Ligand SMILES: *[C@@H]1O[C@H](CO)[C@@H](O)[C@H](O)[C@H]1NC(C)=O
Ligand SMILES: *[C@@H]1O[C@H](CO)[C@@H](O)[C@H](O)[C@H]1NC(C)=O
């Protein structure tokens, strides 16, 4: 049976959630439903949990999830100054290290939008998608198997990207969007590393 997907823009409704964890919405691909975890300033599928840091002597949240704020504006962390999320020129979806607001030249912020997926066979489903506000590319969410060498041994299988003008990887899976699962936690951890 073939289900047709119809895309609509819509306002979201999850009012009580304060933070969100992320999964991939890419029906009929091997990455559909995959949980994304934060590590090494990026988001990856295949990890057993996020890479976090808790200063000695502190009591830190220990949710073992990678939590972001609505609209993927920032990581849900306690560290003063927070950790902003941006799209690097290369398309890598990244977050700033703690105690720094540095984003590499050419990075994009904003461009995230809510999209409601309506299909013949499934309930309506809300996802977050990306389109650069400056119109420099056609955007979209991609999961790419080119995982950096420094992630070897972590289980990371795909890294999260957005379609930017300079995005140039091949063999990636195009996702329909990201599913944001609301939870009542204020923070995921002290800081993601
Ligand atoms: C998407 O919907 C959520 C929930 O209503 C809202 O908090 C968020 O700001 C919206 N995101 C964007 C990019 O408009
Ligand atoms: C692809 O883009 C990256 C960074 O955006 C760049 O370093 C690399 O040289 C590019 N590769 C090709 C084959 O153009």
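The values are calculated or read from the model by the stated rules, or taken from the named source; none is laboratory data. The structure presented is a predicted model; accordingly, all values stated were derived computationally and were not measured. As a convention, Cβ positions derive from the backbone with ideal geometry for all residues, glycine included, and neighbour counts pool all protein chains shown.
Taken over the stretch 137-173, the criterion of being within 16 Å of ligand 2 (Cβ to nearest atom), over 19 Å from residue 39 (Cβ atoms) and out of contact with any strand residue (DSSP E or B) (no Cβ under 8 Å at 6 or more places or on another chain) is satisfied by 137, 165, 166, 168, 170.
Conditions (1) surrounded by fewer than 17 Cβ atoms within 10 Å (Cβ to Cβ); (2) away from ligand 1 (no atom under 16 Å from the Cβ), marked per residue:
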{"position": "133", "(1), (2)": "yes, no"}
{"position": "137", "(1), (2)": "no, yes"}
{"position": "140", "(1), (2)": "no, no"}
{"position": "146", "(1), (2)": "yes, yes"}
{"position": "151", "(1), (2)": "no, yes"}
{"position": "160", "(1), (2)": "no, yes"}
{"position": "170", "(1), (2)": "yes, yes"}
{"position": "180", "(1), (2)": "no, no"}
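Out of 25, 130, 58, one residue alone is touching a residue at least 24 places away in the same chain (Cβ under 8 Å) and under 22 Å from residue 156 (Cα atoms). It is 25.
Of all positions in the stretch 152-172, none carries a residue that is outside any loop (DSSP other than H, G, I, E, B), at pLDDT 95 or above and over 16 Å from the mean Cα position of the chain (by Cα). Go through the residues of the stretch 68-87 one by one and say whether even a single one is within 16 Å of ligand 2 (Cβ to nearest atom) and either in contact (Cβ under 8 Å) with a residue 24 or more places away in the chain or in contact with a strand residue (DSSP E or B) (Cβ under 8 Å, 6 or more places away or on another chain) (or both). Within the stretch 68-87 (the criterion being within 16 Å of ligand 2 (Cβ to nearest atom) and either in contact (Cβ under 8 Å) with a residue 24 or more places away in the chain or in contact with a strand residue (DSSP E or B) (Cβ under 8 Å, 6 or more places away or on another chain) (or both)), the answer is yes, since at least one residue qualifies. Mind checking which residues of the stretch 88-106 are exposed (fewer than 13 other Cβ atoms within 10 Å of the Cβ) and either closer than 11 Å to residue 42 by Cβ or away from ligand 2 (no atom under 16 Å from the Cβ) (or both)? Passing the criteria: 99, 100, 101, 102.
Just checking, does the stretch 67-80 include any residue being in a strand (DSSP E or B), at pLDDT 95 or above, in contact with a helix residue (DSSP H, G or I) (Cβ under 6 Å, 6 or more places away or on another chain) and surrounded by 17 or more Cβ atoms within 10 Å (Cβ to Cβ)? No: zero hits.
Residues in the stretch 28-64 that are closer than 23 Å to residue 115 by Cβ and assigned to a loop (DSSP other than H, G, I, E, B): 28, 29, 30, 31, 32, 33, 34.
When we screen 40, 17, 45 for residues that are surrounded by 14 or more Cβ atoms within 10 Å (Cβ to Cβ), over 22 Å from residue 101 (Cα atoms) and at pLDDT 95 or above, the only hit is 45.
Filtered by the rule that a residue be within 11 Å of ligand 1 (Cβ to nearest atom) and either on the phi > 0 side of the Ramachandran plot or free of Cβ contacts under 8 Å to residues at least 40 places away in the same chain (or both), the stretch 107-127 gives 110, 111.
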